[in-house]
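Peer 1: This is the structure I have questions about; it appears just below.
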Amino acid sequence: MYKIIYTGKKNNIDISKVSSSISSINNCKISLVKVNDLDEATNSFFDGDSLILLLIEENLDGFENFIKEMKNDESFKFLPVILILEENKIENRKKYFSIGVDSFLDEDFDDEELILICSSIVRNQIKIQELSKQLGEVSEKNITKALQLDLIRKFIPLTVWEKSASLAEGQDLEIPEEEQELSIIFGDLQSFTTISEKIQPEEVIQMLNGIFNIVTQVVYQNFGDIDKFIGDAFLAVFRHPEMALLSAVAIQTSLKLYNDIREIDDMPVALFRMGINFGKVIRGSVGGTIRYDNTLIGDPINTAQRLESMSPPGGILASKSLLSQINFINIEELDIKSYNLKGKNKIIEAAIVYDYIVNNEKIMDELFKIRNKIEKEININEKRYKIA
């Protein structure tokens, strides 16, 4: 399993006895291999069992450079070396320690002395190797876990990830229900089922990923969160109603450009219908004891979805409740209409706003000013956190 190489001219060592005794003490097979010079020693490094200890006689020419070079090699940097001294002088020991020698024996040593010093060093080396192996396995498992977590975090809302991190620190295994006042975008691709029936499944996935890449980039750049993707639909939430409106406009504008490129390549295109709303919702965990989904529940979510179903393709139908939260939008300038919500005995006031917003330079400027203000506040808070 392991081997010790003795390099030198001494010829009265009982190789069999020493090997057997060191093996017995350490409870594993250890062979003592004797060679005459440093070249022979080098050739034996990789032969057979793993090298665990090297003994070198002081009288060998070039042994100092040999040890220095060996200790500079990553493969043998931590290989222990015992030097057999011709003269036991303290100044020699100090010098040899500095080049990487770990221990010493006088040249008149006997087999028992050799067995004891070798057994002691070998025992420590075996423990170090076992510990290194365990640490390596732990490190590998930690890397795997980290990669798993990095993969998982892409499949859950950022809000839930951040909340779970703080709860984990407190060893709390449940995410508590929380009421939040949020702005909501619900977007769904018009007639995407029909489109997907005409192209290959891999093309469907590629197209959806291209579209949803636009959505995620815009939402996260504007400090929102994707709560979920539902087939060819998405639900995004924002703490700031201005950022919900800016994101809805930016997604529709970016998707139009994306479609222009696809049309040039004679590829199918798709348009979002969008509904945006504002109100109080509950974030809670829904499911069984084995599998949960942490999601947003509440009438404002359902209303956003109903608004989306009545929005024109490429348009945005925004509730009056959301538009009223944005003080630089003049509600009177908008074509506010009453909408009968499908499946609900409820009428809601809303307006189709994409063209109005995107063509109003003053409103767009105000939206970007608020975005920049939020970004500055976030950066200041991050700096404070780092200082604390």
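Peer 1: Which angle between 0 and 90 degrees, to the nearest 10, do you get for helix 201-221 versus the longest principal axis of the chain when only C-alpha atoms count?
Peer 2: 80
Peer 1: What do the square roots of 5 times the Cα gyration tensor eigenvalues come to for region 157-387, in whole Å, largest first, as semi-axes of the equivalent ellipsoid?
Peer 2: Semi-axis lengths for region 157-387 are 28, 24, 20 Å.
Peer 1: Here is a follow-up. Greater than 26 Å separation of Cα atoms is the criterion. Which listed pairs, LYS228/LYS337; LYS320/LYS346; LYS342/LYS362; LYS10/LYS94, meet it?
Peer 2: LYS228/LYS337; LYS342/LYS362
Peer 1: Could you give the size of the charge dipole of the chain about its Cα centre, using +1 on the Cβ of each K and R and -1 on the Cβ of each D and E, expressed in debye and rounded to the nearest 20?
Peer 2: 1640
Peer 1: At R0 = 25 Å, how high is the FRET efficiency between VAL269 and GLN200 if r is their beta carbon distance? Nearest 0.05 is fine.
Peer 2: E(calc), rounded to 0.05, equals 0.90.
Peer 1: Here's something else I'd like to know. Suppose only helical runs count, i.e. DSSP H with n ≥ 4. What mean residue ellipticity at 222 nm does that imply for the chain under -39500 (n - 2.57) per run, divided by all residues and rounded to the nearest 500 deg cm²/dmol?
Peer 2: -16000 deg cm²/dmol
Peer 1: In debye, nearest 20: dipole of region 157-387 around its Cα centre with unit charges on the Cβ of K, R (+) and D, E (-)?
Peer 2: With only Lys, Arg, Asp and Glu charged at Cβ, the dipole is about 400 debye.
Peer 1: Right, next: Going toward the positive end of the dipole of the chain, with +1 on Lys and Arg Cβ and -1 on Asp and Glu Cβ, which of VAL215, LEU38, PHE78 do you reach last?
Peer 2: It is VAL215, whose Cα lies furthest towards the positive end.
Peer 1: Another question, if that's okay. For ALA41, what charge total do you get from the other residues with a beta carbon under 12 Å from its beta carbon, if Lys and Arg give +1 and Asp and Glu give -1?
Peer 2: -3
Peer 1: Cα convex hull of region 2-144: mean projected area in nm², to one decimal?
Peer 2: Computing the convex hull of the Cα atoms and averaging its projections yields 9.3 nm².
Peer 1: Going by alpha carbons, how many degrees (0 to 90, nearest 10) lie between the helix axis of 90-99 and the longest principal axis of the chain?
Peer 2: 40
Peer 1: Hey, what did the chain get for relative contact order, percent, Cα under 8 Å, at least 6 apart?
Peer 2: 11
Peer 1: While we're looking at this one, here's another question. Identify which of GLU203, GLU361, GLU112 has the largest mean-square fluctuation in a Gaussian network model of the chain, with springs joining Cα atoms closer than 10 Å.
Peer 2: GLU112
Peer 1: If you place +1 on the Cβ of every Lys and Arg, -1 on the Cβ of every Asp and Glu, and leave all else neutral, what size is the dipole of region 2-144 about its Cα centre, to the nearest 20 Debye?
Peer 2: It works out to roughly 640 debye.
Peer 1: What shape does the chain have by the C-alpha gyration tensor, where a ≥ b ≥ c are the square roots of the eigenvalues, rounded means a/c under 1.5, and otherwise prolate means a/b greater than b/c and oblate the rest?
Peer 2: Prolate, because a/c is 1.5 or more and a/b exceeds b/c.
Peer 1: For Cα pairs less than 8 Å apart in space and 6+ apart in sequence, what is the mean separation divided by the residue count of region 157-387, i.e. the relative contact order in percent?
Peer 2: Reported as a whole number, the value is 20 percent.
Peer 1: If one takes the longest principal axis of the Cα atoms in the chain, at what angle in degrees, from 0 to 90 and to the nearest 10, does the Cα axis of helix 111-153 lie?
Peer 2: Tilt of helix 111-153: around 10 degrees.
Peer 1: Let me ask something else. Sequence gap at least 6, Cα distance under 8 Å: using those rules, report the relative contact order of region 2-144 to the nearest whole percent.
Peer 2: 25
Values quoted throughout were computed directly from the atomic coordinates according to the rules given, and no laboratory measurement underlies them. Fair warning: this is a prediction, and the values are worked out from it, not measured in the lab. All Cβ positions, glycine included, derive from the backbone under ideal geometry; neighbour counts span all protein chains shown.
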